[in-house]
1. Confirm whether residue 17 is modelled with pLDDT of 75 or more and among the basic types (Lys, Arg).
2. Looking at (1) over 18 Å from residue 35 (Cβ atoms); (2) at pLDDT 85 or above; (3) assigned to a loop (DSSP other than H, G, I, E, B), which is the only condition residue 113 fails?
3. Which residue is surrounded by the fewest Cβ atoms within 10 Å (Cβ to Cβ), if the candidates are limited to the stretch 70-110 and must be in contact (Cβ under 8 Å) with a residue 40 or more places away in the chain and outside any helix (DSSP H, G or I)?
4. For residue 40, are the conditions met, namely being modelled with pLDDT under 90, in a helix (DSSP H, G or I) and basic (Lys, Arg)?
Amino acid sequence: DAMSQMMLLGNKSNNNRSKLDSFNTIDIANTLWAYAKTGKSSPQLFDSMSQMMLDGSNDNNRNKLNFFNAQNIASTLWAYAKTRNSSPQLFDAMSQMMVSNDYRYKLKYFTTQEIANTLWAY
(Lines give C-alpha, C1' and ligand atoms only; values in the text may rest on other atoms or scores of the structure.)
Protein backbone atom coordinates (compact mmCIF):
# COMPACT_ATOMS: atom_id res chain seq x y z
CA ASP A 1 0.00 0.00 0.00
CA ALA A 2 1.00 3.63 -0.43
CA MET A 3 1.70 4.25 3.26
CA SER A 4 4.13 1.37 3.69
CA GLN A 5 5.92 2.32 0.46
CA MET A 6 6.45 5.84 1.77
CA MET A 7 7.65 4.64 5.16
CA LEU A 8 10.28 2.55 3.36
CA LEU A 9 11.46 5.45 1.19
CA GLY A 10 12.87 7.49 4.07
CA ASN A 11 15.71 9.67 2.84
CA LYS A 12 15.60 8.19 -0.65
CA SER A 13 12.46 10.13 -1.51
CA ASN A 14 14.14 12.35 -4.11
CA ASN A 15 15.25 9.28 -6.06
CA ASN A 16 11.76 7.79 -6.03
CA ARG A 17 9.76 10.74 -7.29
CA SER A 18 7.73 8.57 -9.68
CA LYS A 19 6.25 6.67 -6.71
CA LEU A 20 5.14 9.96 -5.18
CA ASP A 21 3.48 10.97 -8.43
CA SER A 22 0.95 8.16 -8.02
CA PHE A 23 -0.23 9.46 -4.64
CA ASN A 24 -3.70 10.93 -4.37
CA THR A 25 -4.63 13.65 -1.88
CA ILE A 26 -5.51 11.19 0.87
CA ASP A 27 -2.21 9.34 0.39
CA ILE A 28 -0.32 12.63 0.62
CA ALA A 29 -2.11 13.96 3.69
CA ASN A 30 -2.06 10.61 5.53
CA THR A 31 1.62 9.97 4.82
CA LEU A 32 2.68 13.41 6.00
CA TRP A 33 0.41 13.10 9.05
CA ALA A 34 1.91 9.69 9.90
CA TYR A 35 5.46 11.02 9.71
CA ALA A 36 4.51 13.96 11.94
CA LYS A 37 2.60 11.78 14.40
CA THR A 38 5.62 9.48 14.83
CA GLY A 39 7.99 12.43 15.20
CA LYS A 40 9.91 11.76 11.99
CA SER A 41 10.95 14.92 10.19
CA SER A 42 12.34 13.58 6.88
CA PRO A 43 13.01 16.95 5.21
CA GLN A 44 13.73 15.27 1.87
CA LEU A 45 10.33 13.58 1.86
CA PHE A 46 8.48 16.75 2.89
CA ASP A 47 10.37 18.79 0.27
CA SER A 48 9.56 16.23 -2.43
CA MET A 49 5.89 16.15 -1.42
CA SER A 50 5.71 19.94 -1.45
CA GLN A 51 7.31 20.15 -4.88
CA MET A 52 4.99 17.42 -6.17
CA MET A 53 1.87 19.18 -4.85
CA LEU A 54 2.93 22.54 -6.31
CA ASP A 55 4.27 21.24 -9.63
CA GLY A 56 1.62 21.69 -12.29
CA SER A 57 3.87 20.88 -15.24
CA ASN A 58 3.42 17.12 -14.96
CA ASP A 59 0.07 15.68 -16.08
CA ASN A 60 0.00 13.41 -13.02
CA ASN A 61 0.32 16.41 -10.72
CA ARG A 62 -1.75 18.99 -12.58
CA ASN A 63 -4.26 20.52 -10.23
CA LYS A 64 -3.48 18.01 -7.47
CA LEU A 65 -4.09 20.72 -4.87
CA ASN A 66 -7.52 21.28 -6.41
CA PHE A 67 -8.56 17.86 -5.14
CA PHE A 68 -7.67 18.58 -1.52
CA ASN A 69 -10.58 18.88 0.87
CA ALA A 70 -10.67 20.60 4.27
CA GLN A 71 -9.34 17.55 6.09
CA ASN A 72 -6.45 17.10 3.62
CA ILE A 73 -5.51 20.77 3.93
CA ALA A 74 -5.62 20.76 7.74
CA SER A 75 -3.68 17.50 8.05
CA THR A 76 -1.02 18.54 5.56
CA LEU A 77 -0.43 21.97 7.11
CA TRP A 78 -0.39 20.45 10.59
CA ALA A 79 2.19 17.85 9.51
CA TYR A 80 4.54 20.47 8.04
CA ALA A 81 4.29 22.62 11.16
CA LYS A 82 4.60 19.69 13.60
CA THR A 83 7.80 18.45 11.94
CA ARG A 84 9.10 21.99 11.47
CA ASN A 85 9.43 21.46 7.75
CA SER A 86 9.07 24.71 5.87
CA SER A 87 7.21 25.19 2.62
CA PRO A 88 6.13 28.82 2.33
CA GLN A 89 4.88 28.29 -1.25
CA LEU A 90 2.66 25.40 -0.18
CA PHE A 91 1.30 27.36 2.80
CA ASP A 92 0.61 30.32 0.50
CA ALA A 93 -1.14 28.11 -2.06
CA MET A 94 -3.32 26.51 0.60
CA SER A 95 -4.09 29.93 2.12
CA GLN A 96 -5.29 31.10 -1.27
CA MET A 97 -7.49 28.02 -1.54
CA MET A 98 -9.12 28.74 1.82
CA VAL A 99 -10.06 32.30 0.82
CA SER A 100 -11.11 31.36 -2.72
CA ASN A 101 -14.70 31.24 -3.92
CA ASP A 102 -14.55 27.45 -4.14
CA TYR A 103 -16.89 26.05 -1.51
CA ARG A 104 -14.71 22.97 -0.89
CA TYR A 105 -12.01 25.04 0.77
CA LYS A 106 -14.02 27.68 2.63
CA LEU A 107 -13.26 27.75 6.32
CA LYS A 108 -16.96 27.52 7.14
CA TYR A 109 -16.82 23.91 5.89
CA PHE A 110 -13.89 23.03 8.16
CA THR A 111 -14.65 21.18 11.40
CA THR A 112 -13.55 22.87 14.60
CA GLN A 113 -10.62 20.44 14.80
CA GLU A 114 -9.56 21.23 11.22
CA ILE A 115 -9.74 24.97 11.98
CA ALA A 116 -7.68 24.50 15.15
CA ASN A 117 -5.04 22.41 13.35
CA THR A 118 -4.85 24.88 10.47
CA LEU A 119 -4.50 27.91 12.70
CA TRP A 120 -1.90 26.13 14.82
CA ALA A 121 0.11 25.36 11.69
CA TYR A 122 0.39 29.03 10.78
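The values are calculated or read from the model by the stated rules, or taken from the named source; none is laboratory data. As the structure is a computational prediction, the values presented were derived from the model and not from experiment. For neighbour counting, all protein chains shown are included, and Cβ atoms are generated from backbone atoms with ideal geometry for every residue, glycine included.
1. Considered against the rule, which asks whether it is modelled with pLDDT of 75 or more and among the basic types (Lys, Arg), residue 17 comes out as no.
2. Condition not satisfied by residue 113: (3).
3. 84
4. Answer is no for this residue.
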